[in-house]
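Shown next, in structure tokens, is the structure this report addresses.
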Amino acid sequence: MPDPFASFLADSLAAVKRDAAGCADAMAAALGPVVIDVAVDGERTVVYRDGAVRVAAPSTQPALAGRPIVHVATTARTLLDLVDGRDELLPAILANRLRVRAAPRDAERLFDVMRLFVEGNARSSAAPGLFAEYHQQVTHDSRRST
């Protein structure tokens with residue numbers, strides 16, 4: 001079964017590119033050469049720029065060698081709490097619910113990319129459905145594992 005977060009992220013990026021091309025272009029420019037290694041509930045995904053912002057399996061990372069890496073780790077529940085407004089980014093980082101390891105300039109790039117991702121999704125008609133599907137997958141999986 002594909003990683004729910006990686007699928008959600010890839011679908012959301014495609015929706016932003018289609019519905020808010022300016023945000024997609026700005027996101028790619030903000031990301032620059034940085035590779036984001038994201039772990040959500042232990043499942044890793046790599047985000048990088050190759051013209052546009054791309055999502056790939058961690059096995060892609062050797063091909064991206066030499067680029068600065070930003071490491072992000074969290075849980076799907078924390079992501080949903082952030083999206084639903086039950087949590088905020090700074091408190092989540094300070095409480096270690098969202099862990100970011102990066103050089104200061106690369107962390108700044110990460111936050112710019114995140115802001116543009118949110119803005120792009122706010123402009124996309126597909127976003128509510130994508131977020132609802134991800135929410136359903138996460139809550140369904142958490143009920144199954146308890």
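The values are calculated or read from the model by the stated rules, or taken from the named source; none is laboratory data. Quick caveat, the model's predicted, so the values are computed rather than measured. Cβ placement follows ideal geometry from the backbone for every residue including glycine, while neighbour counts extend to all protein chains displayed. We work out accessible area using only protein heavy atoms, side chains counted, and drop any ligands, DNA or RNA first. Shrake-Rupley method; radii C 1.70, N 1.55, O 1.52, S 1.80 Å.
Where does the range 3-105 land on Rg(C-alpha)/(2.2 N^0.38 Å)?
Working: Rg = 13.7 Å, N = 103, 2.2 N^0.38 = 12.8 Å.
Relative to the 2.2 N^0.38 Å estimate, the range 3-105 comes out at 1.07.
Accessible area per residue of the chain at 1.4 Å probe, in Å²? Spelled out: the 1.4 Å probe surface of the chain, per residue, equals 54 Å².
Once C-alpha pairs closer than 8 Å and six or more residues apart are averaged by separation and normalised to the residue number of the range 60-138, the relative contact order reads 32 percent.
Max-minus-min Cα coordinates of the range 68-122 on each principal axis give 30, 26, 16 Å, with the largest extent listed first.
One equal scatterer on each Cα of the range 1-63, no solvent, Debye formula: the resulting log10 I(q)/I(0) at q = 0.26, 0.29 Å⁻¹ is -1.15, -1.28. Any idea what log10 I(q)/I(0) is at q = 0.24, 0.31 Å⁻¹ for the range 34-79, Debye with uniform C-alpha scatterers and no solvent? Each listed q corresponds, in turn, to -0.83, -1.17. Label sites at Leu94 and Glu108, each approximated as a point 7 angstrom past Cα along Cα to Cβ, lie 2.2 nm apart. Scanning residues 5 or more positions from Leu98 or on other chains, those with amide H under 5 Å from its amide H are Ile93, with H placed 1.01 Å from N in the peptide plane. Between Asp84 and Thr139, the simple label model (points 7 Å from Cα in the Cβ direction) yields a spacing of 0.6 nm.
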